[in-house]
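Below is one structure; the comments refer to it alone.
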Amino acid sequence: MARSVEITTPVPTLDEIGDRLGMSQARRTRVLKIIQNSGTDKFTSRTGGPYVRAGKKVAARKKN
Amino acid sequence: VAIPAVTEDAVFLNIPYDKNFERPYLAYIVGLVQLGLEPRVTLGVPGGERRLDRILERIQSCRYSIHDLSRVEVSRRSPRIPRFNTPFELGLTVAWAKLHPNLHTWFVCETERYRVDRSLSDLGGTDPNIHDGTVSGVMRELCNAFVRRNSPRPTQMVKSYRMVARRKEAIMSDAGADSLFEARVFEDLVFAAKALVEAL
């Protein structure tokens, strides 16, 4: 058993996490809608993807 | 037997699927996601003969694992029995890591200090992470275990937890689930946690 380890792997993006979970784009959009519409705090997705922002579909952010 | 590819940022989460453990469970998910790691669980692993093989494959596919031994009591309902799944999967992991120390690193977490010394004395000499059964304790111990440059502070991670917790009912409702411990809900929670953490 370790006491601590140093993590140096890059932080996965939202899309990478969605891919790893095997989630369809439709399901990702659905989850993002849920978290936008529930809770009392404001949420706006900062990452790319054909997600919904303020009720309107927005284009995926281009990767460099 | 082929060894599955190891995902370097994946963490096998071996915890009790217990209604009273929902808060630490959600804290583990949010905390690991905020530390840039990917939690994996056995939810969704089908039963039957191959279940054990698939659980072992899941452990092997993760570079790290957390084994939470907080639920060592007998169940409240009859028949009053202890649960062995968590310590059993810990045993599998210890054997795997012993054979392949470069492929896997494991951690043990507990709510109570010194209890592991009595519940699993074979682990004597190891030093479990004690989270006190609280969300802030889980975040603190995750930060102690997984050190990353520019990592968030435990207090920031508690804020993230609250953001996800406020939405858990909606996520469960959408999945038609009445428990957080369902495969689809787990996946949605991981994705939601990542989206909320990125938006901070």
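The values are calculated or read from the model by the stated rules, or taken from the named source; none is laboratory data. Small disclaimer: the values here were computed from a predicted structure and weren't measured. In this analysis, Cβ positions are derived from the backbone assuming ideal geometry, glycine residues included, and neighbour counts consider all displayed protein chains. Remember, those area values only see protein heavy atoms, side chains included, never the ligands or the DNA or RNA. Shrake-Rupley method; radii C 1.70, N 1.55, O 1.52, S 1.80 Å.
Brief remarks on what is shown
- Residue in the range B:37-48 that is hydroxyl-bearing (Ser, Thr, Tyr) and open to solvent by 10 Å² or more (accessible area, probe 1.4 Å) present: no
- Within the range B:147-192, the set of residues being at the interface with chain A (Cβ under 10 Å from one of its Cβ atoms), outside any helix (DSSP H, G or I) and over 20 Å from A:Ile7 (Cβ atoms) comprises B:Arg166, B:Arg167.
- Of all residues making up the range A:26-49, the number that are modelled with pLDDT of 95 or more and touching a Phe, Trp or Tyr at 6+ places or on another chain (Cβ under 9 Å): 6
- Evaluation of B:Thr86 against (1) part of a helix (DSSP H, G or I); (2) crowded, with 16+ Cβ neighbours inside 10 Å; (3) polar (S, T, N, Q); (4) out of contact with any Leu (no Cβ under 7 Å at 6 or more places or on another chain) (one fails), failing number: (4)
- Here the condition is being among the hydrophobic types (A, V, I, L, M, F, W, C), out of contact with any Lys or Arg (no Cβ under 6 Å at 6 or more places or on another chain) and more than 25 Å from B:Phe191 (Cα to Cα); of B:Val138, B:Val116, it holds for B:Val116 alone.
- Close Cβ contacts (under 8 Å, 6 or more residues apart or on different chains) running from residues in the range B:176-200 that are more than 15 Å from B:Gly44 (Cβ to Cβ) to residues that are aromatic (Phe, Trp, Tyr) and open to solvent by less than 40 Å² (accessible area, probe 1.4 Å) comprise B:Ala195/A:Phe43; B:Leu196/A:Phe43; B:Ala199/A:Phe43.
- Any hit, the range B:117-140, residues being assigned to a helix (DSSP H, G or I), within 11 Å of another protein chain (Cβ to nearest Cβ) and under 17 Å from the mean Cα position of the chain (by Cα): no
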